[in-house]
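The structure appears right after this line, and notes come after that.
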Amino acid sequence: MNILIERVGRVAIAQLNRPEALNALNSEVMQELISRLQLLDSDPEVGCIIVTGSEKAFAAGADIKEMKDKSFLQMFNEDFFSGWDAFCALRTPKIAAVSGYAFGGGCELAMMCDMIFAADSASFGQPEIKLGVIPGMGGTQRLTKLIGKSKAMDMILTGRKMSAEEAERSGLVARVFPAKDLLRETISVAEVIASYGKPSAMAARETVEQALELSLREGVLFERRVFHALFASEDQKEGMSAFIEKREPAFKHR
Ligand code: HXC
């Protein structure tokens with residue numbers, strides 16, 4: 001099994017488990033990860049998903065051995081990497097908990113999650129230029145939107161590594177923890193997210209995602225319409241009533 005799944009209450013942890021290749025992402029790993037996560041995504045009892053790797057490697061990239069001998073036509077006909085679109089279509093909030101190497105497709109997978117938490121030992125990079133190619137799982141686009149053009153160019157054109165500290169400073173990473181605390185701290189945050197109503201959490205992440213896609217005017221309109229729509233939810237009535245009645249809300253998680 002390339003993916004290990006653990007449940008901690010309403011939090012699901014998906015751990016990449018291909019240690020012999022430092023969790024390199026071949027087609028089998030991708031398909032297994034996505035099919036396991038799709039089941040969790042549609043489960044109302046799962047309020048947040050953590051994607052993690054090992055202490056040494058979150059993932060050392062797409063699988064170079066799988067790609068090496070492919071022709072242009074094979075890549076084009078297979079629409080290689082398009083399978084990852086299904087990962088991006090998952091609606092449950094996802095946190096990447098990154099320890100060790102997050103290179104190439106590993107860094108890109110982390111960026112497909114809604115936020116990245118890193119161990120202080122984590123190392124990020126888009127080294128594809130050293131292989132004679134460029135990032136192919138969204139790296140040129142997502143890294144640029146997350147850390148800006150100049151720094152993304154620096155990373156992608158040199159192939160250099162970025163430490164967890166620099167990644168946090170640059171806005172790639174939301175929080176950094178000592179390596180030994182990473183999973184525990186990430187679970188604590190995931191539990192907070194999972195304690196809210198799943199519809200509001202899904203709506204919140206989907207709306208933030210639109211900020212990367214739309215103009216400000218379109219994005220604000222999208223936000224307003226989603227905000228209006230949430231007034232059809234029981235969680236809105238419960239959340240606001242609980243505030244006024246000075247008690248904890250009991251969200252429905254549906
Ligand atoms: C396939 C990989 C791999 C990868 C590591 N391995 N990374 N196999 N694809 N991306 C394998 C090695 O071949 C080796 O297998 C085993 O994992 C252990 O790796 P080592 O190199 O021996 O470990 P270490 O010396 O600790 O070095 C770790 C490392 C190095 C610095 C992370 O493995 C490395 O540089 N990996 C490649 C990183 C990279 O370029 N990633 C981007 C890939 S391209 P054996 O069988 O020899 O023991 C990509 C996007 C592609 O992600 C998009 C455009 C097409």
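The table below lists the values:
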| read-out | value |
| --- | --- |
| Criterion violated by S35 - all others in (1) open to solvent by less than 40 Å² (accessible area, probe 1.4 Å); (2) among the hydroxyl-bearing types (S, T, Y); (3) within 24 Å of R10 (Cα to Cα) satisfied | (1) |
| Counted residues, segment 127-152 - those being out of contact with any Asp or Glu (no Cβ under 6 Å at 6 or more places or on another chain) and under 16 Å from F81 (Cα atoms) | 6 |
| Flag if L157 is within 16 Å of the ligand (Cβ to nearest atom), of a type in the set (A, V, I, L, M, F, W, C) and open to solvent by less than 50 Å² (accessible area, probe 1.4 Å) | no |
| Close pairs (6 angstrom Cβ cut-off, 6 or more residues apart or separate chains): more than 18 Å from A122 (Cα to Cα) in segment 56-70, open to solvent by 20 Å² or more (accessible area, probe 1.4 Å) anywhere | D63/N26; E66/N26 |
| Which numbered condition E168 fails, given (1) within 12 Å of the ligand (Cβ to nearest atom); (2) within 16 Å of the chain's Cα centre (by Cα) | (1) |
| Test: G53 is at positive phi and within 13 Å of the ligand (Cβ to nearest atom) | no |
| Filtered residue count, segment 109-122, keeping only those that are without any contact (Cβ under 8 Å) to a residue 60 or more places away in the chain and crowded, with 21+ Cβ neighbours inside 10 Å | 2 |
| Residue that is under 21 Å from the mean Cα position of the chain (by Cα), within 17 Å of C113 (Cβ to Cβ) and not assigned by the TED database to the domain that holds L40, where the choices are L183, L212 | L212 |
| Residue that is farthest from T92 (Cα to Cα) [pool: residues in segment 208-230 that are of a type in the set (A, V, I, L, M, F, W, C) and either open to solvent by 90 Å² or more (accessible area, probe 1.4 Å) or not in a helix (DSSP H, G or I) (or both)] | L216 |
| Residue in segment 79-97 that is open to solvent by 10 Å² or more (accessible area, probe 1.4 Å), at pLDDT 95 or above and within 10 Å of the ligand (Cβ to nearest atom) present | yes |
| Some residue of segment 175-188 being part of a loop (DSSP other than H, G, I, E, B), surrounded by 14 or more Cβ atoms within 10 Å (Cβ to Cβ) and of a type in the set (G, A, S) | no |
| Any hit, segment 89-99, residues being in contact with a Cys (Cβ under 9 Å, 6 or more places away or on another chain) and basic (K, R) | yes |
| Test result for N23, on the phi > 0 side of the Ramachandran plot, within 19 Å of the chain's Cα centre (by Cα) and either at pLDDT 95 or above or within 15 Å of the ligand (Cβ to nearest atom) (or both) | yes |
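The values are calculated or read from the model by the stated rules, or taken from the named source; none is laboratory data. Just so it is clear, the structure is predicted and the values come from calculations on it, not from any experiment. Positions of Cβ are backbone-derived with ideal geometry, glycine not excepted, and every protein chain shown enters the neighbour counts. SASA here: full protein model, heavy atoms, side chains in, ligands and nucleic acids out. Shrake-Rupley method; radii C 1.70, N 1.55, O 1.52, S 1.80 Å.
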